[in-house]
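Reading through the structure tokens given below for one structure.
The values are calculated or read from the model by the stated rules, or taken from the named source; none is laboratory data. None of the values given here were measured: they were computed from a predicted structure. Note: ideal-geometry Cβ built from the backbone for every residue, glycine included; neighbour counts use all protein chains shown. Accessible surface is based on the protein model in full, side chains and every heavy atom, while ligands, DNA and RNA are left aside. Shrake-Rupley method; radii C 1.70, N 1.55, O 1.52, S 1.80 Å.
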Amino acid sequence: MNGMRLILLLTKNILVEQQLQEQLQQLNYEVLCSVQAFHQLRKEGYVMVDHQVIIFSETITNREIAELLPKMVSGNLVIFRKFSVAPSLEEQEQLRKLGLKEWISGDIPCDQLRERLAEKMELLQQTEEQERASHQQHSVMTEKLLEHFLKTLTKKEKKVFLYLQEANGEIVSREELCDYLWKEELNHSRMSQLSVLVKKIKQKLKESGFSEDLLRTIWGSGYCLTPEFSLELIE
């Protein structure tokens, strides 16, 4: 069950990590012990590895860890600091000041390592499941709001909104909308009617629980829906 979980062991000396790497592999974890990944993270701010657990070797200084931690804010990660032996209370306090609380020692027995990792992996999995459930719930609520919103639109308003939505965030000119709605060139009368349609759509967006700023007026160019408003069309 742990085989699909990748552990990234960042170090400056692979030989130092040999015992821990063997222990982790015995526990059926896939381990990437890398000096190159450490330098890549420092230089470029990311590592091309799909990892769930990061272990900072004792060969890496606290200053270097402090430099790297802000680059690891994305995604759910379990981060451990490795010590040669169990850290003193002072060392644990320094660890907390860095923003870390998890640690392992190089002399940790295999059974203790197994339980520590299993506990953290379980918490990580629970967090991921909760986030997925929350995202699904949010998506369902958003779809219901959109469905309600579309029902409030007149035929012309709906045509404008769906046309803008199909543009995927690109600006649609007034001339293009005028041709689409009325099959004629833009004039002062149609420009006024189009402005009224857009104003009503914005108002109905707000009344349906969306921000009216989702529909933007780009002066001198036309209209667009914000790129983040990338919802599936509900017919």
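Against the numbered list (1) under 16 Å from Leu9 (Cα atoms); (2) under 26 Å from the mean Cα position of the chain (by Cα), Gln125 comes up short only at (1).
Among the helices (runs of 4 or more DSSP H) confined to region 12-91, the ones with at least 2 residues that are touching a Ser or Thr at 6+ places or on another chain (Cβ under 9 Å) are located at 36-44.
Would region 51-66 turn up any residue that is touching a Pro at 6+ places or on another chain (Cβ under 9 Å) and either closer than 20 Å to Ala118 by Cα or not acidic (Asp, Glu) (or both)? The answer is no, given that none of the residues of region 51-66 is touching a Pro at 6+ places or on another chain (Cβ under 9 Å) and either closer than 20 Å to Ala118 by Cα or not acidic (Asp, Glu) (or both). Here Val85, Val47, Val73 are screened, and the one residue that is within 27 Å of Gln130 (Cβ to Cβ), at pLDDT below 95 and open to solvent by 50 Å² or more (accessible area, probe 1.4 Å) is Val73.
The residues on offer are Glu119, Glu128, Glu143, and the sole one that is at pLDDT 90 or above and part of a helix (DSSP H, G or I) is Glu119. Taking every residue in region 197-217 that is over 15 Å from Thr154 (Cα atoms) and pairing it with any residue that is part of a strand (DSSP E or B) and not basic (Lys, Arg), at least 6 positions away or on another chain, the pairs with Cβ-Cβ distances below 8 Å are Leu214/Leu225; Leu215/Tyr223; Leu215/Cys224; Leu215/Leu225; Arg216/Tyr223; Arg216/Cys224; Arg216/Leu225; Thr217/Tyr223. Residues considered: Ile14, Ile79, Ile60, Ile104. Of these, the only one that is touching a Cys at 6+ places or on another chain (Cβ under 9 Å), surrounded by 11 or more Cβ atoms within 10 Å (Cβ to Cβ) and touching a residue at least 12 places away in the same chain (Cβ under 8 Å) is Ile14. Can you find a residue that is in contact with a strand residue (DSSP E or B) (Cβ under 6 Å, 6 or more places away or on another chain) and either free of Cβ contacts under 8 Å to residues at least 40 places away in the same chain or under 22 Å from Leu24 (Cα atoms) (or both) anywhere in region 63-71? Yes, the conditions are met somewhere in region 63-71.
One residue stands out in region 107-122 among those that are within 24 Å of the chain's Cα centre (by Cα) and over 20 Å from Phe83 (Cβ atoms): the one that is least open to solvent (accessible area, probe 1.4 Å), namely Met121.
List every residue pair whose Cβ atoms lie under 8 Å apart, where the two residues are 6 or more positions apart in sequence or sit on different chains, the first residue falls within region 168-194 and is at positive phi, and the second residue, located anywhere, is modelled with pLDDT of 90 or more. Hits for this filter: Gly169/Cys224. Can Ser192 be described as among the hydroxyl-bearing types (Ser, Thr, Tyr) and at pLDDT 90 or above? It is true that Ser192 is among the hydroxyl-bearing types (Ser, Thr, Tyr) and at pLDDT 90 or above.
Flag: Lys151 matches the condition of being under 30 Å from Lys202 (Cα atoms), part of a helix (DSSP H, G or I) and open to solvent by 90 Å² or more (accessible area, probe 1.4 Å). From the list Glu185, Glu175, the one residue that fits, being among the charged types (D, E, K, R), in contact with a helix residue (DSSP H, G or I) (Cβ under 8 Å, 6 or more places away or on another chain) and open to solvent by 60 Å² or more (accessible area, probe 1.4 Å), is Glu185.
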